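The values are calculated or read from the model by the stated rules, or taken from the named source; none is laboratory data. As the structure is a prediction and not an experimental result, all values here were calculated from the model. Neighbour counts are summed over all protein chains in view; Cβ atoms, including those assigned to glycine, are modelled from backbone coordinates with ideal geometry.
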Amino acid sequence: MSYDIYFLNRRDGQSWDEVLVAMEDTAEDSEPIPVPLLEAWDRIVPQARRLLGPVEITEYEQESRDLSHSGTGIGLSVFGDEVSITVPYWHAGDEASVVLSLVSALAAVVEKETGLTAYDPQTERPLMEAPMEDSIRLMSRITDDLHSRYGG
């Protein structure tokens, strides 16, 4: 389980639900990453390293790119034309605040470099419009619940 952020291209008059359905409909297709997105990836990675520190990069031909930060669990993925950030429910309280601040900063980089909008499906709104306190409470609550159920 993870806290997810999707990067979406919403047309005028299109609802976020419509964008999400369209994303799900195309998720099964394995397409090469579009050249502009590969170029954006090359600009994002150095900025992500400055923000997060050491990260691991995994590339699979022209279909996917992954960046992962072991200390926080933050991951940035590009699969075809889909871009997302994930962070596992490991963090609560002040730690969740720090990690979600890093997620927000990384999302801002991705938005700037791709022209896509970071959407938070947990709060059902664009990430930059979602109050950080709501996200921190949600992550903390789910993390605490998972720890109480499964230990850790």
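Summary of computed values
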{"read-out": "Of the criteria (1) under 23 Å from residue 32 (Cβ atoms); (2) of a type in the set (S, T, N, Q); (3) modelled with pLDDT of 95 or more; (4) more than 11 Å from the chain's Cα centre (by Cα), which one residue 62 fails", "value": "(3)"}
{"read-out": "Residue that is surrounded by the fewest Cβ atoms within 10 Å (Cβ to Cβ) [pool: residues in the range 34-83 that are farther than 30 Å from residue 143 by Cβ and small (Gly, Ala, Ser)]", "value": "80"}
{"read-out": "Subset of the range 105-150 [over 23 Å from residue 34 (Cβ atoms) and of a type in the set (Val, Ile, Thr)]", "value": "123, 136, 142, 143"}
{"read-out": "Lone unmet requirement of (1) in a loop (DSSP other than H, G, I, E, B); (2) surrounded by fewer than 13 Cβ atoms within 10 Å (Cβ to Cβ); (3) of a type outside the set (S, T, N, Q); (4) at negative phi for residue 13", "value": "(4)"}
{"read-out": "Residue under evaluation residue 130, criteria (1) hydrophobic (A, V, I, L, M, F, W, C); (2) over 20 Å from residue 15 (Cα atoms); (3) touching a strand residue (DSSP E or B) at 6+ places or on another chain (Cβ under 6 Å); (4) modelled with pLDDT under 95, criterion not met", "value": "(2)"}
{"read-out": "Conditions (1) closer than 26 Å to residue 125 by Cα; (2) within 17 Å of the chain's Cα centre (by Cα); number of the one not met by residue 55", "value": "(1)"}
